[in-house]
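**Q** Have a look at the structure that comes next, please.
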There are 4 protein chains.
Amino acid sequence: MSGLDRPGALDGLHAVDALRAEVCALHERLTRAGLVQWTGGNVSGRVPGEALFVIKPSGVDYDELAPERMILCTLDGEVVPGSAGSELSPSSDTAAHAYVYRHMPEVGGVVHTHSPYATAWAARGEPIPCHLTAMADEFGGPIPVGPFARIGDDSIGRGIVETLREHRSRAVLMQSHGPFTIGSDARDAVKAAVMVEDVARTMHLARQLGETLPIAAADVDALFDRYQGVYGQQADR
Amino acid sequence: MSGLDRPGALDGLHAVDALRAEVCALHERLTRAGLVQWTGGNVSGRVPGEALFVIKPSGVDYDELAPERMILCTLDGEVVPGSAGSELSPSSDTAAHAYVYRHMPEVGGVVHTHSPYATAWAARGEPIPCHLTAMADEFGGPIPVGPFARIGDDSIGRGIVETLREHRSRAVLMQSHGPFTIGSDARDAVKAAVMVEDVARTMHLARQLGETLPIAAADVDALFDRYQGVYGQQADR
Amino acid sequence: MSGLDRPGALDGLHAVDALRAEVCALHERLTRAGLVQWTGGNVSGRVPGEALFVIKPSGVDYDELAPERMILCTLDGEVVPGSAGSELSPSSDTAAHAYVYRHMPEVGGVVHTHSPYATAWAARGEPIPCHLTAMADEFGGPIPVGPFARIGDDSIGRGIVETLREHRSRAVLMQSHGPFTIGSDARDAVKAAVMVEDVARTMHLARQLGETLPIAAADVDALFDRYQGVYGQQADR
Amino acid sequence: MSGLDRPGALDGLHAVDALRAEVCALHERLTRAGLVQWTGGNVSGRVPGEALFVIKPSGVDYDELAPERMILCTLDGEVVPGSAGSELSPSSDTAAHAYVYRHMPEVGGVVHTHSPYATAWAARGEPIPCHLTAMADEFGGPIPVGPFARIGDDSIGRGIVETLREHRSRAVLMQSHGPFTIGSDARDAVKAAVMVEDVARTMHLARQLGETLPIAAADVDALFDRYQGVYGQQADR
């Protein structure tokens, strides 16, 4: 953007371009954290103030992602004709992302992976109990399991929304499938995807050699309230 | 190849050169995914329209692979005299690859690794049940186990072919040995090698702490049909 | 520093600058060893001869750390006004680090992570028995468990100090939370963080398939005394 | 060495320089394969035709190793006075390496690590059964366990030699301690260190979910004989 004097830094066009760059770059966090294999997994982000979101194309190598190959979609999950990348097919999970954006207006980002430890809990249909302070900080309670649902219609999206509405957790383990996470923006949803795998792994390891110790509900609440309130830099919130 | 105006982009010579480059590059996907150690593992690809395939040399460091060191073989597993790389010995698994190409004309690529989780199921002689949507998508059912077979004659190849003919899976776990995968081309077989280790790991983790939930056969079929039909970009298919 | 002729290489200002650079660089060892996820984990180091220490800012990406963004704090955990980085909030674990520095004058560095294997033992509230020669060398006995404590006041710091005072170990597993390590300087505390995860992992793996063999107390003592006395280069000690 | 016209490429001095470079470079294979943490682990190589070997210095970061910092030792484990690197202390395992070179003249390289899966078997004092074709190929049978021995005198070296003399394996798991491997040269010993961790991991994973299937002794023999005879390139042997 050097050399260009773009007016209206917050206008719609600029916002979409900035979001394409951010959503594209965030995919690298999935590979770096070992959450995805081959072309699996996807990140999307809502265009601020618009009924649109940006999502990864389907089946494209992580090395070959680029901002202009991210796909701009309506909240019905339809590709916006003529937009950059519109010659590509969007992620095969687009309908689920769209459903979440339609029904959870506070959500600005959605991530889906098959990260191994979180998916292992999902394959047993077992919620992850909140027995780590890091889980209380980040998720405020257990990570719930959502229903088994076939891909391709609204059932996955509906399962995500109905499960998350009843929990403080920004992550849900879809049965036999894998985790979906939400956030205030795409970056926040990616953080939740990284952290749900981290706590899924630690709780898995802990349970392998015996029982884990519970944390009192009042302590979970206090940890969650504090972390949501004071962690990080003011500019981040 | 810049600066060269090669005629006949699809002639035999060019096709072999392109395949050498692709097969060589694909080996990096094995190391990146942690599927191989030292000089173990190998990728091969069939020369389109020819009774030939290209395979990794035996016992050469992954860092020292180069397109001109890939070995061109006949479908009997014999090195083509005078071809680039023919001064090197081909992979010690060449006979098994050749057998697959001779008996499965639809196969364009073969991969073999000792990836740890898939090999662990092979060491128990236990098929991996299809209890993950990602398995249904990619393999359409369980990953079968092939017979124990000594290396060096046709027994490994025969075991691979006889086992895979009875399954939709592109991966077979050869007992006490490790996975072999096939694909429409070398890249597709590498994808199967990456994905069989991924699902072997997730199913391993899931089973460590309890039983996994089955997926109904009709759902497995629906997931497989959909994934084979619509995932990825049209140009990929 | 080339081109600058700094007088007083050991004066306070220079010592703080050198420590900022060292503490910043040491964070890369946490990511390289896989001990931390996202912005979790933190390293601090005491300013030699001063009632001050330097610590990571809260919630900043590991890629964006820089010496001038490390935070200078008093031993009460207060940011030194006007110092470089003082516009940022220090790590949310600053109070615990400060407590350790106030009560353990021999400590020059403190590290905290949620590394998965060590945290798994912490989630069960189970000390790691000293059944590896590497543990005897490095820690001189078992890795103890400290009490459950809420973040934000002195309880974590007090739990660390009271537990470590009764052991030769430079690492403590805070219950349901994760490891804290101490050292003669920041680098030594980072080494302890790396090694506690390593031995937590090896002991975890060993216990998964049966009982581990004990090491006689006299052998533990001999290994510890020798390692503390003769390992490494003289200049390191 | 460019610009220098060194006579006597095979004289002792050149051989030592070449060996320093090779032993130094081989340490990178330990870190790349995840076999070592911090400054742990060491590689040594015998100077061809001389009663000397080259080994890593003690407690030096892997990033700071250099050929001229490798230490030249006699077969009694004494540093050769005045040689490059002689101002540094050699690895604290030098006595064990020296013992092996004195008593096994066919050995040209020795490696020691605390790689996690191999060390886990060592902590239980349990040999790794030969239930993988890759183990039969590489080690020709089970990986044996050597006695518990304190560091610092000849007991470790004696335990290694007495155990390996009774097996085809180039790897021994010293009880409660970790693996030592030998080879025809330093590179071959490093290969054995990489492969013993690989098979220790796969057998660990396999055993976690049930029993592994045995391989008939005649098959183990056939696999071992074939692999030792024909794997790799002629120039390698």
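**Q** Taking GluC sites (Glu not before Pro) that fall in a DSSP loop and have at most 16 other Cβ atoms within 10 Å as cut points, what is the longest piece of chain A between them?
**A** A:107-165
**Q** Could you work out the mean projected area of the convex hull around the alpha carbons of region B:159-227, in square nanometres to one decimal? Please list the in-between numbers first.
**A** On the way: hull surface 23.0 nm².
That works out to 5.8 nm².
**Q** Let me ask another. Quick one: if the Förster radius is 30 Å, what FRET efficiency do D:Arg150 and D:Glu87 give, using the C-beta to C-beta distance and rounding to 0.05? Can you show the working numbers first?
**A** On the way: r = 28 Å, r/R0 = 0.92.
Rounded to the nearest 0.05, the efficiency is 0.60.
**Q** Mind listing the phi-derived Karplus ³J(HN,Hα) values for region D:136-149, rounded to whole Hz, using 6.51, -1.76 and 1.60 with θ = phi - 60°, and x for any glycine or proline?
**A** Taking θ as phi minus 60°, the curve returns 4, 3, 8, 10, x, x, x, 8, x, 9, x, x, 5, 8 Hz for region D:136-149.
**Q** Could you work out the relative contact order of chain C? I mean the mean sequence separation of Cα pairs under 8 Å and 6+ apart, divided by the number of residues, in percent.
**A** Reported relative contact order: 19 percent.
**Q** Two-decimal Rg/Rh of the protein assembly as shown from alpha-carbon positions, Kirkwood Rh?
**A** Here the Rg-to-Rh quotient is 0.97.
**Q** Right, something else. Counting DSSP beta bridges with both partners in the protein assembly as shown, what percentage is antiparallel, nearest 5?
**A** Roughly 90 percent of the beta bridges in the protein assembly as shown run antiparallel, per DSSP.
**Q** Hey, another quick one. Just want the ordering: D:Ser176, D:Ser92, from fewest to most Cβ atoms lying within 10 Å of their own Cβ. Numbers along the way, then the final one.
**A** Working: D:Ser176 27, D:Ser92 18.
The most exposed by this proxy come first: D:Ser92, D:Ser176.
**Q** Work out from phi, with θ = phi - 60° and the Karplus expression 6.51 cos²θ - 1.76 cosθ + 1.60, the ³J(HN,Hα) of each residue of region A:76-90, listed in order in whole Hz, and give x for Gly and Pro.
**A** Result, ordered by residue: 8, x, 8, 5, 6, x, x, 6, 4, x, 6, 7, 9, 7, x Hz.
**Q** 7 Å along Cα→Cβ for the label point: how many nanometres lie between A:Gly232 and each equivalent label in the other copies, listed shortest first?
**A** 3.7, 3.7, 5.2
**Q** Would you list the P(r) distribution for region A:119-184, with all Cα-Cα distances sorted into 5 Å bins from 0 and each bin expressed as a whole %?
**A** That works out to 4, 20, 28, 26, 15, 5, 2, 0, in percent per bin.
**Q** GNM, chain D, Cα, under 10 Å: largest mean-square fluctuation among D:Tyr101, D:Tyr62, D:Tyr227?
**A** Judging by the Gaussian network model, the answer is D:Tyr227.
**Q** For the rotation that brings chain B onto chain C, whose beta-carbon in chain B is nearest the axis, and what is that distance in whole angstrom?
**A** Closest Cβ to the B-to-C rotation axis, residue and whole-Å distance: B:Gln208, 4.
**Q** For helix C:94-103, what angle does its Cα long axis make with the longest principal axis of chain C, in degrees from 0 to 90 and rounded to 10?
**A** Here the helix axis deviates by roughly 80 degrees.
**Q** Name the long-range amide H neighbours of C:Glu126: under 5 Å, sequence gap of 5 or more, or other chain; modelled H, no Pro or chain starts.
**A** Here the answer is none, since no amide H 5 or more places off falls under 5 Å of that of C:Glu126.
**Q** Evaluate peptide C:216-222: per residue, the Cβ atoms of other protein chains within 10 Å of its Cβ; return the mean as an integer.
**A** 1
**Q** Further, regarding this structure: Suppose you put the label 7 Å out from Cα in the Cβ direction; list, shortest first and in nm with one decimal, how far A:Tyr62 is from each other copy's label.
**A** Here A:Tyr62 shows inter-copy label distances of 1.5, 1.5, 2.1 nm.
**Q** List, shortest first and in nm to one decimal, how far the label point of B:Thr74 (7 Å from Cα along Cα→Cβ) is from its counterparts in the other copies.
**A** Label-point separations across copies, in nm and ascending: 6.2, 6.2, 8.7.
**Q** Here is a further query. In which sequence would D:Met203, A:Met104 go, from the one with the fewest C-beta neighbours within 10 Å to the one with the most?
**A** Ascending number of Cβ neighbours within 10 Å: A:Met104, D:Met203.
**Q** Restricted to Cα positions, what overall size does region A:68-114 have along the principal axes? Three whole-Å values, descending.
**A** Each principal axis gives a Cα extent; for region A:68-114 these are 28, 24, 15 Å.
**Q** If you restrict to DSSP beta bridges whose two residues both lie in chain D, what percentage is antiparallel, to the nearest 5?
**A** For chain D, the DSSP antiparallel bridge percentage is about 90.
**Q** Helix-only mean residue ellipticity at 222 nm, the protein assembly as shown, DSSP H runs n ≥ 4 weighted -39,500 (n - 2.57), per residue, nearest 500. What is it?
**A** -12500 deg cm²/dmol
**Q** Something else about it: Just checking the output field for D:82-89: average partner chain Cβ neighbours within 10 Å of each residue's Cβ?
**A** The per-residue average across the peptide is 2.
**Q** Could you compute the net charge surrounding B:Ala96? Neighbours are other residues with a C-beta less than 10 Å from the C-beta of B:Ala96; K and R count +1, D and E count -1.
**A** Details: positive: B:Arg158; negative: B:Asp93, B:Asp153, B:Asp154.
Net local charge, B:Ala96 excluded: -2.
**Q** Distance from the Cα centre of region B:134-162 to that of region D:29-71, in angstrom?
**A** 41 Å
**Q** Output the Cα-based Rg and Dmax of region D:78-237 in Å, rounding Rg to one decimal and Dmax to a whole number.
**A** Taking only Cα atoms of region D:78-237, I get Rg and Dmax of 16.4, 57 Å.
**Q** A follow-up question, please. Return the inverse of the average 1/r over all pairs of distinct C-alpha atoms in region B:29-126, which is the Kirkwood hydrodynamic radius, in Å to one decimal.
**A** So the Kirkwood estimate lands at 14.1 Å.
**Q** Using Cα positions and a limit of under 18 Å, work out the lysines in reach of A:Lys56, with same-chain residues fewer than 8 apart set aside.
**A** Within the straight-line cut-off, A:Lys56 pairs with A:Lys191.
Computed from the coordinates by the stated procedures, all read-outs in this text should not be read as laboratory data. Remember, it's a predicted structure, so these values are computed and weren't measured experimentally. Because the Cβ atoms are built from the backbone with ideal geometry, glycine has one as well, and the counts that use them run over all protein chains shown.
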